[in-house]
Ligand code: IPE
Ligand code: IPE
Ligand code: MG
Ligand code: MG
Ligand code: MG
């Protein structure tokens with residue numbers, strides 16, 4: 001059961017409940033089904049990277065956006081399928097991000113990263129399988145949404161990955177010190193992180209908004225989608241800036257990943273070029289903007305506003 005939408009929601013409790021709901025759903029697919037058994041090495045590496053740990057923030061945003069726009073919960077199971085797809089894409093991006101040729105990180109979610117536990121070749125292949133499976137799940141496992149909604153989900157997620165996350169990752173790796181500027185770093189954060197967060201929000205909206213409506217209502221839906229897009233980008237950039245701040249201010253145990261990596265690897269991040277305080281102020285401004293984007297829509301936005309506050313107040 002998804003927690004009821006209420007204005008005085010206890011966000012910590014809500015996030016915990018939603019995380020368990022998503023974890024349970026992922027386990028149902030990847031442990032109980034007989035589809036994912038051989039070759040054992042591959043599926044073990046996928047389960048290792050997908051099932052344990054992770055805040056599930058992208059999925060939580062997908063479910064919360066669905067709850068926000070949808071008058072009922074008819075498509076909740078399909079929304080959970082979209083969440084599984086989002087988590088596959090996100091987890092494979094982390095596997096590849098940790099590889100020696102990328103951030104060369106040995107620790108992820110408090111454990112050895114996938115290539116440390118299973119070897120580099122298996123880690124690369126696990127990521128490849130996860131990316132393709134993300135789309136297969138939307139095609140095969142959704143039951144109540146229309147084919148046109150399925151196509152929209154696939155389009156939104158594949159764009160976020162191929163035209164967002166991957167270009168963002170290459171800019172993250174290749175931007176030299178002399179090319180660094182506030183706008184360049186914003187572009188990197190938007191591409192590598194905010195586009196997938198935006199897509200997660202949009203998946204919930206696409207599933208929740210009834211698409212069999214009159215032309216006037218369709219036009220209204222388009223305006224609503226634009227507001228959610230801006231919301232997703234603004235909280236997505238704030239999410240990455242907080243990740244960059246925590247890399248400087250927090251410790252490896254709290255983060256579950258190696259702290260201080262960005263400076264060691266000479267990465268282009270806001271805290272490294274403009275300091276912690278200015279970076280924090282930027283995240284506050286972005287969250288304000290994100291909330292005003294939502295305020296343009298005709299819905300009760302209290303749940304999404306509470307999640308937005310969590311994005312900048314989180315400790316890991
Ligand atoms: C880490 O994402 C990578 C970034 C885009 C900053 P998360 O902080 O959402 O990682 P998990 O899923 O909770 O481990
Ligand atoms: C990763 O950014 C963004 C991805 C698309 C995976 P980071 O490299 O800062 O993420 P962490 O800090 O390793 O989780
Ligand atoms: Mg990286
Ligand atoms: Mg990294
Ligand atoms: Mg980081």
- Given (1) closer than 24 Å to residue 218 by Cβ; (2) part of a helix (DSSP H, G or I), index of the condition residue 170 fails: (1)
- Out of curiosity, is residue 69 touching a helix residue (DSSP H, G or I) at 6+ places or on another chain (Cβ under 8 Å), more than 16 Å from ligand 2 (Cβ to nearest atom) and farther than 30 Å from residue 302 by Cα? no
- Quick one: residue 284 ticks every box in (1) in contact (Cβ under 8 Å) with a residue 24 or more places away in the chain; (2) within 15 Å of ligand 2 (Cβ to nearest atom); (3) more than 24 Å from residue 160 (Cβ to Cβ) except a single one, so which number is it? (2)
- Condition test on residue 190, is it without any contact (Cβ under 8 Å) to a residue 60 or more places away in the chain and under 22 Å from residue 269 (Cβ atoms)? yes
- Task: Mind counting the residues in region 266-281 that are touching a residue at least 60 places away in the same chain (Cβ under 8 Å) and more than 16 Å from ligand 3 (Cβ to nearest atom)?
- Result: 2
- Give the residues of region 13-34 that are without any contact (Cβ under 8 Å) to a residue 24 or more places away in the chain and surrounded by fewer than 18 Cβ atoms within 10 Å (Cβ to Cβ), sorted by residue number. 13, 16, 17, 20, 24, 28, 31, 32, 33, 34
- Task: Output the qualifying pairs, or none if there are none: Cβ atoms under 9 angstrom, residues six or more apart or on different chains, first residue in region 94-114 and farther than 13 Å from residue 124 by Cα, second residue assigned to a loop (DSSP other than H, G, I, E, B) and near ligand 2 (Cβ under 7 Å from one of its atoms).
- Result: 105/257; 107/257; 108/257; 109/257; 110/257
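Quick note: the coordinates plus some simple rules give every number you see, no bench work behind them. In this text the structure is predicted, and so the values were computed from the model without any measurement. Quick reminder, even Gly has a Cβ in these numbers, built from the backbone with ideal geometry, and neighbours come from all protein chains shown.
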